[in-house]
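Peer 1: If you scroll down you'll find the structure; I have some questions about it.
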Amino acid sequence: MNKPKVVVTRKWPAEVEAQLKDLYDVQLNESDNPMTSDELKHALQSADALLPTVTDALTSDVLNVENKRTRIIGNFGVGYNHIDIDAAKAEGLVVTNTPHVLTDCTADIAMLLLLMSARRASEGERLILQNQWVGWKPTQLIGQKVTGKTLGLIGFGRIAQAMAKKAHHGFDMKIIFYAPSQPAQAIMDDLQATRCETVEEVLTEANFVSLHCPGGKDTRHLINEQRLKLMRPSAHLINTARGDVVDSKALIKALKEGWIAGAGLDVFEGEPNIDPGFFELDNVSLLPHLGSATEETRVAMGNRVLANLSVFFAGEEPGDRVV
Ligand code: DGY
């Protein structure tokens, strides 16, 4: 029997690519350049499975291409706001993602950014790198204490809960959150967490606000000028979710004018293009979308895609099916 044809849009960890080569007639992306819309369309016409990731815009125009051969889109990543899910559904495509395996590492990056922002780590490192540090003094780079403070989470899925666990059990933080549905009582009890009625309540109360909602049209600019103004002047905003959840222009204004004390960002509107306004600020810590970037997690993400594919090609329902 012929092996199914599979197109991978970016370079993956070598050990996962080796397994793909064994199992499928696979087209890898050795150059690791993002594929153009035309290349993605061609892949949909020529392969049984397309394995994209966050940098591939699978718009309705791309997904509606004629003479499609593809039946499954095995996304490498948990977020799938780069895929037009309605179009995929209408075209009868199966879409899977890679939940669970990146939860802890992404929560670690959120906690890292929280600490960096609170303790002015990026600013301190710049001082050293620019050879401007003249030595310790009692009033230098005074940040904010993290232990015992209130962490407010917007969204309370797996990654938010993992961050809450680290923050509550490791840093004795009080946990409040906004989420559309009520989590299990055992989770609430373990974290001694309080559910707020509104996003506004979280923003007003928290010393640190961390975003954990999905991207896409429903959450675009959820954090806007009006909402930033509700935060405490000593508060910090952390975003490891998706860039477009925050209105960048409004955030830059908030950081410049001191409506909030700082921000830690791992994701950006229109990434990899970053609003240059961020580069002029001292009170922002910037990371290049590192959430899931550990050896263990990236291999596990690849293996998760492989598991979804093999179940699909065996004629069964993949566990991580989102459409
Ligand atoms: C995810 O899995 O959604 C991460 O942001 C990387 O794509």
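The values are calculated or read from the model by the stated rules, or taken from the named source; none is laboratory data. Just so it is clear, the model here is predicted, and its values are computed rather than measured. For neighbour counting, all protein chains shown are included, and Cβ atoms are generated from backbone atoms with ideal geometry for every residue, glycine included. SASA here: full protein model, heavy atoms, side chains in, ligands and nucleic acids out. Shrake-Rupley method; radii C 1.70, N 1.55, O 1.52, S 1.80 Å.
Peer 1: List, in order, the whole-Hz ³J(HN,Hα) value for each residue of segment 116-123 obtained from phi through the Karplus relation with A = 6.51, B = -1.76, C = 1.60 and θ = phi - 60°; use x for Gly and Pro.
Peer 2: 4, 5, 4, 9, 6, 5, 5, 4
Peer 1: Name the residues whose placed amide hydrogens come within less than 5 Å of the amide hydrogen of L153, ignoring near sequence neighbours (fewer than 5 apart) on the same chain.
Peer 2: Under 5 Å from the amide H of L153 lie the amide H atoms of I176, F177, Y178, S210, each far enough along the sequence or on another chain.
Peer 1: At 0.36 nm per residue, minus the direct Cα-Cα distance, what do L129 and D61 gain on full extension? Give it in nm, one decimal, please.
Peer 2: Going from the current span to full extension adds 19.8 nm.
Peer 1: Efficiency by 1/(1 + (r/R0)^6): what FRET value for R71 and T36, r their Cβ-Cβ distance, R0 = 22 Å, to the nearest 0.05?
Peer 2: Here the calculated transfer efficiency is 0.45.
Peer 1: At 0.36 nm per residue, and after removing the present C-alpha to C-alpha distance, how many nm does the segment from Q140 to A90 gain when stretched out fully?
Peer 2: 12.2 nm is the gain from fully extending Q140 to A90.
Peer 1: Using a 1.4 angstrom probe on heavy atoms only, work out the carbon and sulfur share of the accessible area of the chain in %.
Peer 2: Result for the chain: 50 percent of the exposed heavy-atom area is carbon or sulfur.
Peer 1: Tell me which lysines have Cα within less than 21 Å of K249's Cα, excluding those fewer than 8 residues away on the same chain?
Peer 2: K249 reaches K217, K229.
Peer 1: Considering only protein heavy atoms, what per residue accessible area in square angstrom results for the chain with a 1.4 angstrom probe?
Peer 2: Solvent-accessible surface per residue comes out at 49 Å².
Peer 1: Next question, about the same structure. Hey, can you grab everything whose amide H is under 5 Å from the amide H of A47? Only 5+ residues off in sequence or another chain; H modelled, so Pro and N-termini drop out.
Peer 2: R69, T70
Peer 1: So if I take the centroid of the Cα atoms in segment 282-323 and the same for segment 43-66, what is the distance between those two points in Å?
Peer 2: 17
Peer 1: Using the Karplus curve 6.51 cos²θ - 1.76 cosθ + 1.60 with θ = phi - 60°, work out ³J(HN,Hα) for each residue of segment 303-312 in order, rounded to whole Hz, and write x for Gly and Pro.
Peer 2: 5, 5, 5, 4, 5, 4, 5, 5, 5, 4
Peer 1: OK, next. From Cα pairs below 8 angstrom and at least 6 apart in sequence, can you work out the relative contact order of segment 103-286, rounded to a whole percent?
Peer 2: Relative contact order, segment 103-286: 22 percent.
Peer 1: Return the sequence-ordered ³J(HN,Hα) values of segment 140-149 in whole Hz as given by the Karplus equation 6.51 cos²θ - 1.76 cosθ + 1.60 applied to θ = phi - 60°, using x for Gly and Pro.
Peer 2: Per residue, the Karplus-derived 3J(HN,Hα) values read 8, 6, 6, x, 10, 5, 9, 3, x, 7 Hz.
Peer 1: Given a Förster distance of 22 angstrom, what is the FRET efficiency for T194 paired with R220, based on the Cβ-Cβ distance and rounded to 0.05?
Peer 2: After rounding, the FRET efficiency stands at 0.20.
Peer 1: Please list the non-local residues whose amide H lies under 5 Å from the amide H of V95, H modeled 1.01 Å from N, same-chain partners needing a gap of 5 or more.
Peer 2: Counting only residues 5 or more places away or on other chains, the set is I73, V322, V323.
Peer 1: I've got another one for you. If r is the Cβ-Cβ distance from S310 to T204 and R0 is 45 Å, what FRET efficiency results, to the nearest 0.05?
Peer 2: 0.40
Peer 1: Let me ask another. At 7 Å along the Cα-to-beta-carbon direction for both K229 and L286, put a label point, then send me their distance in nm to one decimal.
Peer 2: That separation, rounded to one decimal, is 2.7 nm.
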